[in-house]
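Written below as structure tokens is the structure these notes are about.
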Amino acid sequence: MSPELPTLLSALTPAGSIPPLPVAEVRQVSADSRAIEPGGVFVAVRGGTVDGHHYIADALRRGAVAVIGMEPPAAHATGSVPYIQVDDSRQALAILAAALYGFPSRKLRLVGVTGTDGKTTTANLIYQVLLAAGVTPGMVSTVGARIGAAALDTGLHVTTPDALDVQRYLALMVQAGCQTAVLETTSHGLHQGRVAACDFDVAVVTNVTHEHLDYHGSWEAYLEAKAILFRNLATSLRKAGQAKVAVLNADDVSYTPLATIPADQHLSYGLYAAGADLRAEHIACLPDRTTFVARTPAGSVGLETRLVGQFNVSNCLAALGAGLALGLPLEVIASGVASLRGVEGRMERIERGQDFLAIVDFAHTPVSLARALEAVRPMARGRVIAVFGSAGLRDVQKRALMAETSIRLADYTILTAEDPRTEALEEILHQMAAGARGAGGQPGWDFELVPDRAAAIRRAVELAEAGDVVIACGKGHERSMCFGTTEHPWQDQAVMAWAIEQRSGKLPEPPPYWLPTQE
């Protein structure tokens with residue numbers, strides 16, 4: 001049943017007086033005037049290029065029953081339709097979205113996972129832990145949403161959906177009988193208030209490294225955006241029998257500043273920090289699995305996971321910490337962690353009967369690329385051949401750093417396209433090539449530029465010999481690549497499979513995708 005306008009708006013803290021409110025049924029809340037229908041509440045949000053206050057008249061024409069904005073009421077003639085001024089319209093949008101759906105996060109135990117690298121894997125590990133515990137879980141991650149037994153696509157390039165979709169997913173989880181939900185939260189999503197009305201119980205961080213400085217301006221501002229998740233723990237609704245717990249990476253530079261934020265309990269984990277609450281010992285990184293012994297406040301347990309690389313041991317410890325924060329038995333947590341077969345686009349193997357290893361991974365930062373290359377090195381009996389690019393309209397500084405990383409850790413590097421957007425791909429590749437040369441790389445000897453990503457993957461496959469590893473990084477699970485302002489269909493897995501089969505003569509047709517860089 002849709003709430004009435006006075007009831008819905010009672011959730012807000014207005015910046016001024018509230019005008020008389022009609023007893024109207026609210027059918028929607030939206031920050032897009034084009035989406036407003038009769039009975040909708042329009043929230044005027046200021047974005048990077050668009051100011052929603054300019055579209056108030058359009059929302060009124062479409063039947064808005066109330067308008068929320070940050071500018072004084074005198075600046076807008078809304079007639080008989082009430083205008084409510086707030087200090088932060090993004091925050092108001094999140095609160096109204098939660099109110100519209102009956103504040104669903106108050107009916108769930110909610111785990112938030114943030115960080116630069118490893119968020120999706122950690123969220124999936126926690127989801128598997130909940131399944132092993134017999135809990136009906138929900139999850140929203142980069143790869144998609146899981147609500148009960150149903151899987152939903154959450155989009156192409158957005159990790160944290162907008163506030164309305166977040167609350168809609170949570171409401172669907174409640175409706176489906178979910179008891180606990182896992183929500184992957186990005187720095188953008190936190191800074192833009194997309195999860196502002198979510199009552200978190202457990203907050204988990206993987207790491208905070210060099211990423212998104214184009215948006216945040218500095219690493220310190222980036223960390224502060226991540227810290228919002230932990231600050232919200234203290235102010236969110238308390239649920240019976242559940243403590244507010246922060247799960248922190250003691251190996252990461254984010255540990256000290258995040259540990260100062262109040263919580264009922266801080267659980268630290270690490271591979272190297274001697275004083276961590278959760279530690280991994282006797283780590284064995286094998287080509288197809290990883291084993292280790294986890295030392296935790298609840299005791300010790302041997303664990304085997306199909307995830308490879310030491311960085312995934314850290315992700316497993318984070319999931320163990322979340323499980324303990326939720327009061328789950330250690331053996332059940334370990335069973336859940338061990339049950340995860342893999343995550344789409346995360347160290348995902350592409351098998352077409354070839355005599356070399358082909359992998360697709362989402363690594364798109366210097367740190368995650370280094371971890372991916374370090375993880376595949378033990379798998380290679382020959383060379384490691386890396387294919388990746390760097391996105392346009394994103395952190396410029398990381399372009400050279402990623403190329404430097406690959407020159408240091410791979411045997412051969414192919415630099416290519418990765419969502420150039422409105423930037424010139426040639427300039428992006430020029431900046432990456434400069435980083436490669438700065439690290440001692442020589443064009444044609446240990447790296448080359450192939451702007452067409454399909455051709456780049458094909459080139460890597462053609463170069464591969466028995467026992468080599470070909471790893472394509474940066475796209476992972478994504479289903480599109482952006483050139484200009486257009487998202488073109490794309491999937492690294494399909495192109496890698498095509499390249500392997502084309503090499504063996506099984507599939508001589510052209511590549512499955514045709515992007516603007518191709519002629």
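Looking at segment 416-431, can you tell me whether even one residue there is open to solvent by less than 70 Å² (accessible area, probe 1.4 Å), in a helix (DSSP H, G or I), in contact with a helix residue (DSSP H, G or I) (Cβ under 7 Å, 6 or more places away or on another chain) and not charged (D, E, K, R)? Looking through segment 416-431, at least one residue is open to solvent by less than 70 Å² (accessible area, probe 1.4 Å), in a helix (DSSP H, G or I), in contact with a helix residue (DSSP H, G or I) (Cβ under 7 Å, 6 or more places away or on another chain) and not charged (D, E, K, R). Restricting attention to segment 103-151, the residues that are on the phi > 0 side of the Ramachandran plot and at pLDDT below 95 total 5.
For the criterion of being over 19 Å from residue 386 (Cβ atoms) and either open to solvent by 40 Å² or more (accessible area, probe 1.4 Å) or in a helix (DSSP H, G or I) (or both), residue 502 passes.
Table: residues versus (1) open to solvent by 10 Å² or more (accessible area, probe 1.4 Å); (2) modelled with pLDDT of 95 or more; (3) over 26 Å from the mean Cα position of the chain (by Cα).
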| position | (1), (2), (3) |
| --- | --- |
| 317 | no, yes, no |
| 322 | no, yes, no |
| 342 | yes, no, no |
| 345 | no, no, no |
| 367 | yes, no, no |
| 383 | yes, yes, yes |
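Which residues, counting only those in segment 262-299, are open to solvent by 60 Å² or more (accessible area, probe 1.4 Å) and under 30 Å from residue 234 (Cα atoms)? Of everything in segment 262-299, those that are open to solvent by 60 Å² or more (accessible area, probe 1.4 Å) and under 30 Å from residue 234 (Cα atoms) turn out to be 262, 264, 265, 266, 272, 274, 275, 279, 295, 297, 298. Taken over segment 465-492, the criterion of being part of a loop (DSSP other than H, G, I, E, B), of a type outside the set (S, T, N, Q), within 22 Å of residue 120 (Cβ to Cβ) and open to solvent by 10 Å² or more (accessible area, probe 1.4 Å) is satisfied by 477, 478, 479.
For first residues located in segment 184-196 and part of a helix (DSSP H, G or I), partners that are buried (at least 24 other Cβ atoms within 10 Å of the Cβ) and charged (D, E, K, R) and lie 6+ apart or on another chain with Cβ distances below 6 Å form the pairs 187/226. Only one of the numbered conditions (1) within 22 Å of residue 167 (Cα to Cα); (2) open to solvent by 20 Å² or more (accessible area, probe 1.4 Å); (3) small (Gly, Ala, Ser); (4) in contact with an Asp or Glu (Cβ under 6 Å, 6 or more places away or on another chain) is not met by residue 102, and that is (4). Within segment 184-224, if we keep just the residues that are within 14 Å of the chain's Cα centre (by Cα) and of a type in the set (Gly, Ala, Ser), the residue that is modelled with the highest pLDDT turns out to be 189. The one condition from (1) outside any loop (DSSP other than H, G, I, E, B); (2) closer than 14 Å to residue 419 by Cα that residue 516 does not meet is (1).
Residues of segment 20-31 that are touching a strand residue (DSSP E or B) at 6+ places or on another chain (Cβ under 7 Å), over 18 Å from residue 58 (Cα atoms) and open to solvent by 40 Å² or more (accessible area, probe 1.4 Å): 23, 25. Taking residue 413 as the residue in question, decide whether it is among the polar types (S, T, N, Q), in contact with a strand residue (DSSP E or B) (Cβ under 6 Å, 6 or more places away or on another chain) and closer than 30 Å to residue 287 by Cβ. Yes, satisfied. In the set 308, 301, only one residue is touching a strand residue (DSSP E or B) at 6+ places or on another chain (Cβ under 9 Å) and closer than 27 Å to residue 358 by Cβ; that residue is 308. Every test in (1) buried (at least 18 other Cβ atoms within 10 Å of the Cβ); (2) charged (D, E, K, R); (3) not in a loop (DSSP other than H, G, I, E, B) is passed by residue 252 save one, and that test is (3). Taken over segment 160-183, the criterion of being within 14 Å of the chain's Cα centre (by Cα) and either without any contact (Cβ under 8 Å) to a residue 40 or more places away in the chain or open to solvent by 40 Å² or more (accessible area, probe 1.4 Å) (or both) is satisfied by 160, 161, 162.
Could you list, in sequence order, all residues of segment 22-43 that are in contact (Cβ under 8 Å) with a residue 40 or more places away in the chain and closer than 21 Å to residue 101 by Cβ? Listed by number, the residues that qualify are 24, 26, 28, 29, 30, 31, 41, 43.
Within segment 105-138, the only residue that satisfies the criterion of being open to solvent by 10 Å² or more (accessible area, probe 1.4 Å), touching an Asp or Glu at 6+ places or on another chain (Cβ under 9 Å) and closer than 30 Å to residue 69 by Cα is 106.
The values are calculated or read from the model by the stated rules, or taken from the named source; none is laboratory data. Quick caveat: nothing in here was measured; it's all calculated off a predicted structure. A quick note on method: Cβ atoms are made from the backbone with ideal geometry, for glycine too, and the neighbour counts reach across all protein chains shown. Just so you know, the surface numbers come from the protein's heavy atoms only, side chains and all, with ligands and any DNA or RNA stripped out. Shrake-Rupley method; radii C 1.70, N 1.55, O 1.52, S 1.80 Å.
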